[in-house]
Structures are given as C-alpha cells and as structure tokens.
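K.L.:
Sharing a structure with you now.
The values are calculated or read from the model by the stated rules, or taken from the named source; none is laboratory data. Predicted model, so just to flag it, every value in this text is computed and none were measured. Because the Cβ atoms are built from the backbone with ideal geometry, glycine has one as well, and the counts that use them run over all protein chains shown. Heavy atoms of the whole protein, side chains included, go into the accessibility calculation; ligands, DNA and RNA do not. Shrake-Rupley method; radii C 1.70, N 1.55, O 1.52, S 1.80 Å.
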Amino acid sequence: MAEQNSKPAKAWGGVFTEATDALFERFSESISFDSRMYEQDIEGSIAHAHMLSDVGILTKEEFEAIRDELLNIKGTIARGEMVFSSALEDIHMHVEKALTDKLGDVGRKLHTARSRNDQVSTDFRLWIRDAIDKLDALLQGVQRAFVARCDADFDVVVPAYTHTQRAQPVLAPHIWLAFVEKFERDRERLADCRKRVNTLSLGAAACAGTSLPIDREKTAQYLGFERIAANSVDVSSDRDFATEFAYDMAQIAIHLSAWAEDWIWQSTVEFDFLQLPQAYCTGSSIMPQKVNPDVLELIRGKSARVVGNLQSLLVLTKGIPLAYDRDLQEDKEPIFDSFDTISISLALAAPIVAGMKLKRESIAARLDKGYLDATSFMEYLIRRGVPQRTAHGVVGRLVRKGIETGRALAEFPLEELRDACDLVDESVYDYLGAVNAVNAMKSYGSTAPDQVRFQIDSWKKKLAL
C-alpha cells in the first residue's frame with residue numbers, strides 16, 4: 001500500500017520538542033509487516049472496550065460507537081483502502097488514529113488501561129493461536145493423504161533402510177504411517193504450545209499494571225483466553241511462547257525435509273521406486289528428458305529458513321532485560337516467515353502424497369536384493385534355541401557366502417543351511433524371502449500385516465476417514 005508523506009502527531013510525543021528523524025522513522029517502523037495482525041488488533045480492541053464498558057469506564061453508547069467504527073476500520077483494511085505511514089509506526093497506531101479521526105475523544109478513550117506493550121503481546125498471541133489452528137488443519141490434511149493410500153498399497157513390500165543401506169522389508173503402508181506418526185507429534189507439540197499462547201496479556205499495561213478498576217477475567221472471556229498472565233513485568237518481556245512456536249514449526253520443517261529427501265531419491269532412475277505427479281515437477285531448459293522434483297527440493301531447502309528463524313528468535317531474546325524493550329519488535333518477521341513457509345509446504349505436500357505412483361514392478365524385481373531377510377533368518381534360529389550372538393554369526397557367514405556365489409538366502413539348499421546350523425529344517429523357508437520376513441513379524445508396532453492393518457484402521461477412525 002502507498003505511504004503517506006504527512007507526519008501525524010506521535011501518540012507518545014507530548015514530552016518531545018524535536019521531530020523524529022525521518023531515517024529513524026523508516027528504520028523503526030513495523031507497519032510493513034505487522035499490518036497482517038490487523039484483525040487480531042481490532043478483535044483485542046473490541047474486547048478491551050467491552051470490558052471498559054462493563055466496569056463503567058466507557059458508557060454503553062461509547063463502547064458501541066467504538067466497536068462499530070473498529071469494524072468499519074477492519075473492512076477498510078481488508079479492502080486495501082487504508083494508506084499506511086511509517087510515521088504511525090505500527091498497526092496499533094494506524095487503527096487508533098483511524099478511530100480517533102472518526103470519533104474524536106470517544107476514540108481516545110480506547111487506550112485507557114492498556115499500553116502498546118500488553119496490546120502487541122495480546123495481538124501476537126491471538127495471531128499465533130490462529131496460526132496454530134491453521135497449521136494443525138494442514139498437518140491433518142497431509143496425514144489423511146498418507147492414510148488414504150494405505151489400503152491400495154497394502155500388498156507392496158519395500159526395503160526399509162538404516163545408514164542408507166537396505167535393512168529389512170516392510171509394508172509400504174508401514175512407511176506411510178511412519179510419516180503420519182511424525183506429523184501427529186507435530187500436532188501434539190502445537191496443541192501443547194497453544195496452551196501457553198492462550199494466556200491474556202491485556203491488563204499488564206506498560207509493565208506494572210493499572211490503578212483503574214479493570215476486569216481481566218472479562219477480557220479473557222471475550223477473547224477466549226484460558227488463563228490470565230499473573231505477572232505484569234513478565235508479560236512485557238515474555239516471548240517464549242513465540243520461540244516455542246518457532247521451534248514447533250522448525251520441527252515440522254525438518255519432518256517435511258526428511259520426507260522430501262526420501263522421495264527425491266526414490267524417484268530417481270537408480271531407485272525407480274516411485275513416480276511424482278508432474279504437476280509438482282519442472283523440466284530442464286537444455287535437457288528435454290528431465291522431470292525434476294523441484295517442489296520437494298524447495299521444501300527441503302526452505303526448511304533451512306525455518307530453522308534459521310528459530311535461531312534468530314533465540315538470539316534476539318537471550319539478553320533482553322526486564323521488561324519491554326524495542327528489540328522485541330523483531331520477533332514477528334521470523335514467525336510470519338516460518339508460518340508462511342510451513343503453510344505452503346504442507347499445502348503442497350498433501351496432493352504430492354495423494355498423486356504419487358508406486359512403481360510396483362520395479363520394486364518387486366529387486367526386492368530380494370540386499371539380504372533383507374537376514375534378520376528374519378537369525379530370529380528363526382533364536383526360536384530354535386540358538387543364542388542371538390551365535391545365530392548372528394551363522395547368518396552373517398551365510399550372507400557372505402551368498403554374496404560370493406550370487407545367491408539369495410532362500411536359494412540355498414536345505415543341506416547347505418543345515419551345514420551352517422543343524423537345527424535348521426524345512427520350515428526355515430517360511431522365513432526366507434522379503435515377503436515371508438514381513439509375514440513373520442509379530443510385535444506391536446511392527447510391519448506385521450495384522451499390526452499395520454490395526455494401525456491403518458486406528459488412524460482412519462482418528463482422522464475421520
């Protein structure tokens with residue numbers, strides 16, 4: 001939006017005899033980024049005015065006039081009709097000036113019993129509370145995309161990896177549910193963070209509270225806050241709710257990056273496990289054959305920004321003395337940037353998950369490469385009474401022999417297996433091969449088909465699918 005050239009009087013300017021330096025105004029303004037909190041600022045102001053009316057500081061008519069005009073201002077900003085000025089510093093002063101320009105002294109009463117210190121803290125808490133709810137819905141959307149493909153992929157066995165080496169065979173839905181679990185923990189962290197965010201700051205005023213007869217319980221009720229901040233000095237300096245939210249977003253970014261990394265590699269010719277939907281890929285300006293996983297690469301790359309924003313907030317708040325200091329103006333841009341980045345990443349992730357195609361034939365053709373059934377064979381020997389370390393050695397020597405002769409474990413004749421351990425009988429073949437190794441699993445939370453089916457059904461119920 002355009003910036004005004006006129007310089008309105010400062011709300012704090014009574015004691016000053018010199019005008020604010022123009023360069024300092026540009027340096028110190030926050031309207032260029034905190035304007036996105038206008039809805040929360042107006043919501044908080046209406047609740048504050050309502051409370052002032054309840055306790056008799058405002059008349060009912062004054063409250064109604066303030067409320068109605070604040071709603072008009074909200075519409076003006078939403079339509080892009082408000083002109084912002086660095087001289088007015090922030091969204092709070094823009095709303096207040098628009099209000100007083102219209103209502104005069106009635107509008108000037110709104111700031112009774114509050115400071116911008118507790119006002120901005122309240123607005124920021126309201127904004128983060130809304131942001132948490134939006135991220136939770138987006139995370140749930142990605143979870144649903146993973147769970148929704150579990151039934152169709154239930155018969156697909158894929159290698160699980162440790163140290164980027166083939167480890168053991170698992171059902172494909174077991175992998176999908178691993179991501180669902182990670183995103184569920186992200187949702188739990190956000191919900192826990194929301195409890196601390198959902199604390200009313202208004203009433204702390206600048207740092208000491210107020211001598212006016214306000215009712216903070218009423219304000220909390222109007223704004224849906226679950227608790228009231230108990231220490232006015234703490235409120236002015238507190239930003240750990242924002243830092244906690246920044247951490248939660250950084251953890252989401254890390255989970256998204258790990259998923260993107262997996263699928264980037266698995267979409268290569270070398271892996272040939274999956275095909276990404278082309279709507280989320282790009283080509284090359286010089287190589288006609290290329291289908292590049294750019295969205296996944298950007299999700300992986302942008303995670304660095306989100307992690308960096310957490311670091312920025314930690315450094316910002318590490319040495320601020322009690323109570324409020326202007327440094328805290330710098331808390332919003334990292335949060336806004338992380339939220340925007342995570343929001344679009346999650347919004348893109350859901351259709352990529354839904355649209356991905358497993359290359360079943362390619363996966364199956366190489367499934368028994370890498371001795372994925374070695375652990376299953378070892379556990380078979382353990383059940384026959386062989387000590388674990390001894391069984392490990394027996395199977396390890398057979399794997400080495402298989403590598404030297406180019407054979408899978410299931411291709412060894414029984415006589416040769418019995419030469420390695422005389423406790424082996426024909427039943428061993430029920431445990432060799434990737435599919436048999438999967439079917440042999442039993443423990444809760446494992447890739448055993450009945451366990452995976454139980455988890456799929458549980459998640460369908462939890463996600464209302």
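K.L.:
Which angle from 0 to 90°, rounded to the nearest 10, does the C-alpha axis of helix 60-78 make with the longest principal axis of the chain?
P.N.:
So the helix axis and the longest Cα principal axis differ by about 50 degrees.
K.L.:
In addition: Between Asp21 and Leu322, what's the calculated FRET efficiency when r is the beta-carbon distance and R0 is 35 Å? Round to 0.05.
P.N.:
Given R0 = 35 Å and the Cβ-Cβ separation, E is 0.80.
K.L.:
Compare the Cα positions of Ala347, Thr375, Ser362 along the charge dipole of the chain (+1 at Cβ of Lys, Arg; -1 at Cβ of Asp, Glu; about the Cα centre) and return the one farthest towards the positive end.
P.N.:
Of the candidates, Thr375 comes out farthest on the positive side.
K.L.:
Still on this model: Using only the alpha carbons, work out the radius of gyration and Dmax of segment 356-447 in angstrom.
P.N.:
13.8, 47
K.L.:
When a/c reaches 1.5 or more, the comparison of a/b and b/c decides; with that in mind, is segment 141-200 rounded, prolate or oblate per its Cα gyration tensor?
P.N.:
It is oblate, given that a/c is not under 1.5 and a/b is not larger than b/c.
K.L.:
Determine Rg/Rh for segment 244-301; Rg is computed over alpha-carbon atoms and Rh is the Kirkwood hydrodynamic estimate from the same atoms.
P.N.:
In segment 244-301, Rg relative to Rh is 1.08.
K.L.:
If ligands, DNA and RNA are left out, what is the accessible area of Arg305 with a 1.4 Å probe, given in Å² to the nearest 10?
P.N.:
So the heavy atoms of Arg305 present about 110 Å² to solvent.
K.L.:
Could you tell me which of Phe63, Gln451, Gly385 has its Cα farthest along the dipole of the chain towards the positive end, charges placed at Cβ (Lys, Arg +1; Asp, Glu -1), taken about the Cα centre?
P.N.:
Of the options given, the answer is Gly385.
K.L.:
Just the accessible area per residue of the chain, please: how many Å² with a 1.4 Å probe?
P.N.:
Solvent-accessible surface per residue comes out at 48 Å².
K.L.:
Given a Förster distance of 60 Å, report the FRET efficiency between Glu333 and Glu426 from their Cβ-Cβ distance, rounded to the nearest 0.05.
P.N.:
The pair Glu333/Glu426 has a calculated efficiency of 0.30.
K.L.:
Would you please name the GluC sites (Glu not before Pro) within segment 194-245 that are DSSP coil residues with at most 15 other C-beta atoms within 10 Å of their C-beta?
P.N.:
Glu226
K.L.:
With every protein chain in place, what's the accessible area of Leu212 (1.4 Å probe, Å², nearest 10)?
P.N.:
For Leu212, the solvent-accessible surface is approximately 70 Å².
K.L.:
Taking Cα pairs under 8 Å and at least six residues apart, what relative contact order does the chain come out at, in percent?
P.N.:
16
K.L.:
Hey, another quick one. What three numbers, in Å, describe the spread of the alpha carbons of segment 330-369 along their principal axes, ordered from the longest?
P.N.:
In descending order, the Cα extents are 55, 21, 7 Å.
K.L.:
Placing unit charges on C-beta atoms (Lys and Arg positive, Asp and Glu negative, everything else neutral), compute the dipole magnitude of segment 303-461 about its Cα centre in debye, rounded to 20.
P.N.:
Roughly 120 debye for segment 303-461.
K.L.:
Along the positive direction of the dipole of segment 196-252 (beta-carbon charges: Lys, Arg +1; Asp, Glu -1; about the Cα centre), which of Val233, Gln251, Gly203 reaches farthest?
P.N.:
Working it through, the farthest residue towards the positive pole turns out to be Gly203.
K.L.:
Hey, another quick one. Given the DSSP H assignment, sum -39500 (n - 2.57) over each helix run of at least 4 residues in the chain and divide by its residue total; what's the result at 222 nm in deg cm²/dmol, nearest 500?
P.N.:
For the chain, the value works out to -19000 deg cm²/dmol.
K.L.:
Using DSSP to define loop residues, name the GluC sites (Glu not before Pro) in segment 77-175 whose beta-carbon has at most 16 other beta-carbon atoms within 10 Å.
P.N.:
Counting only loop positions with at most 16 other Cβ atoms within 10 Å, the GluC sites (Glu not before Pro) in segment 77-175 are Glu81.
K.L.:
Another question, if that's okay. Between Glu226 and Lys462, take the C-beta separation as r, use R0 = 25 Å, and let me know the FRET efficiency to the nearest 0.05.
P.N.:
That gives a FRET efficiency of 0.55.
K.L.:
In debye to the nearest 20, how big a dipole does segment 20-151 give about its Cα centre with +1 on each Lys and Arg Cβ and -1 on each Asp and Glu Cβ?
P.N.:
Using Cβ point charges on Lys, Arg, Asp and Glu, segment 20-151 gives about 340 debye.
K.L.:
Can you compute the modelled spin-label distance between Phe33 and Phe454, with each label point 7 Å from Cα toward Cβ, in nm?
P.N.:
A separation of 4.9 nm, rounded to one decimal place.
K.L.:
Among DSSP beta bridges lying fully in the chain, give the percent that are antiparallel, nearest 5.
P.N.:
75
K.L.:
Got a number for carbon plus sulfur as a percent of the chain's accessible area, 1.4 Å probe?
P.N.:
Carbon with sulfur: 53 percent of the solvent-accessible area.
K.L.:
Explain nothing, just the number: dipole magnitude of the chain about its Cα centre with +1 on each Lys and Arg Cβ and -1 on each Asp and Glu Cβ, in debye rounded to the nearest 20.
P.N.:
800
K.L.:
Pairs of alpha-carbon atoms within less than 8 angstrom and 6+ residues apart define the contacts here; what relative contact order does segment 285-440 have, in percent?
P.N.:
19
K.L.:
Sticking with this structure for a sec: For segment 14-80, compute the orientation-averaged projected area of the C-alpha convex hull (one quarter of its surface), in nm².
P.N.:
Its Cα hull, projected and averaged over all orientations, spans 6.5 nm².
K.L.:
Based on alpha-carbon centroids, what's the gap between segment 69-119 and segment 224-268 in Å, whole number please?
P.N.:
The distance from the Cα centre of segment 69-119 to that of segment 224-268 comes to 30 Å.
K.L.:
I'm a student and want to see the number: the projected area of the Cα convex hull of segment 89-221, averaged over all directions, in nm².
P.N.:
13.6
K.L.:
Count neighbours as other Cβ atoms within 10 Å of each site's Cβ, and list the chymotrypsin sites (Phe, Trp or Tyr not before Pro) in segment 356-465 that are DSSP loop with at most 13 such neighbours.
P.N.:
Answer in residue order: Tyr444.
K.L.:
Here is a follow-up. Which angle between 0 and 90 degrees, to the nearest 10, do you get for helix 91-103 versus the longest principal axis of the chain when only C-alpha atoms count?
P.N.:
Rounded to the nearest ten degrees, it is 40.
K.L.:
Under a cut-off of 24 Å between alpha-carbon atoms, report the lysines in cross-link reach of Lys97, not counting same-chain residues fewer than 8 places apart.
P.N.:
Lys7, Lys10, Lys60, Lys74, Lys109, Lys332
K.L.:
Using the alpha-carbon centroid of each, what span in Å lies between segment 272-303 and segment 356-431?
P.N.:
37
K.L.:
Could you work out the Kirkwood radius for the chain, taking every pair of different alpha carbons, averaging 1/r and inverting it, reported in Å?
P.N.:
26.5
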